[in-house]
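Have a look at the structure below, then the notes.
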Amino acid sequence: MSPTELDTQAPPFAEPHVADQTADVALIVNGRALRLVIDPRVTLLDALREHLQLTGTKKGCDHGQCGACTVHVGGRRVLSCLTLAAAAQGQSITTIEGLAESDRLHPMQQAFIDCDGFQCGYCTAGQIMSAVALLQEPCGPDDDDVRESMSGNICRCGAYPGIVAAVQAVRGRRR
Ligand code: FES
Ligand code: FES
């Protein structure tokens, strides 16, 4: 059979195959061991918000461009909208809900309040999660170094001066 004959006998369009699968995902979220049975395509952001009702982590762009969805995975900041929940299998996740100790805010949360580091607050969880991670990262001493390290977190309200002041206050570099 020639290739031409093959072509004429082939159906015009192949039926898309939709996999009917679930992933069994074990996560440690804010110190609690949890298990989710979810579609393997579910992002960590949607797993947190839709399946675990941890809605402090915000969905801004859902495309890795705003930083609103920042959480910690294994102690490092990640964009949860670009991370599959299944890819975080077995990992320790910290969200904004896990930062405070009982009724005592994390120093970065308190600094954001003290320094007016927010207006509408939509970006704030992501800003604070990035800022807390920054404390463990190599970052120069100056405000410009902080701006560079925080550049993945967009604030539409323009609260940047207060955000930088808050980070510098916690780092002991009050301006
Ligand atoms: S929602 Fe993840 S970067 Fe914007
Ligand atoms: S405080 Fe409104 S977007 Fe940052």
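We did not get these values from a lab; they are worked out from the coordinates using the rules stated. Please read these numbers as outputs of a predicted model, since none were measured by experiment. Counting neighbours? That spans all protein chains shown, and the Cβs are built from the backbone with ideal geometry, glycine included.
The peptide list 159-171, 57-69, 28-40, 129-141, put in order of mean Cβ contacts within 10 Å with the highest first, becomes 159-171, 57-69, 129-141, 28-40.
Structural descriptor for the chain: relative contact order 20 percent, calculated from alpha carbon pairs under 8 angstrom and at least 6 residues apart.
Taking every pair of alpha-carbon atoms in the chain, give the share separated by more than 27 Å as a whole percent.
Value for the chain: 36 percent of Cα pairs lie more than 27 Å apart.
Each Cα pair under 8 Å and six or more residues apart adds its sequence gap; the mean of these over the residue count of the range 107-170 is a relative contact order of 54 percent.
When you restrict to C-alpha pairs under 8 Å that are six or more residues apart and normalise by the size of the range 47-137, the relative contact order lands at 32 percent. Working from label points 7 Å from Cα in the Cα-to-Cβ sense, the R35 to H63 distance is 3.8 nm.
Across the range 48-64, coupling constants 3J(HN,Hα) worked out from phi with the 6.51/-1.76/1.60 Karplus curve, θ = phi - 60°, read 5, 7, 8, 9, 10, 6, 9, 8, x, 6, 9, 9, x, 8, 6, 9, x Hz, and Gly and Pro carry x. Distance between the 7 Å Cα→Cβ label points at R76 and E137: 1.1 nm. Over the chain, DSSP H runs of length four or greater, each weighted -39,500 (n - 2.57), average out per residue to a 222 nm ellipticity of -7000 deg cm²/dmol.
Rounded to the nearest 20, the size of the Cβ-charge dipole of the range 107-170 about its Cα centre is 280 debye, with Lys and Arg at +1 and Asp and Glu at -1. Fewest neighbouring Cβ atoms within 10 Å first, the residues F118, F112 line up as F118, F112. Couplings 3J(HN,Hα) for the range 114-126, derived from phi with the Karplus relation 6.51 cos²θ - 1.76 cosθ + 1.60 (θ = phi - 60°), are 5, 9, 6, x, 7, 10, 6, x, 5, 8, 5, 4, x Hz, where x marks Gly and Pro. For the chain, a simple Cβ point-charge model (Lys and Arg +1, Asp and Glu -1, everything else neutral) yields a dipole of about 760 debye relative to the Cα centre. Ordering C69, S149, L27 by Cα displacement along the dipole of the chain toward the positive end leaves S149 in first place; charges were set at the Cβ atoms of Lys, Arg (+1) and Asp, Glu (-1).
Each of T70, T95 was scored by other Cβ atoms within 10 Å of its Cβ. Arranged with the fewest first, they read T95, T70. A Cβ-based charge dipole, computed about the Cα centre of the range 23-96 with Lys and Arg at +1 and Asp and Glu at -1, lands at about 220 debye.
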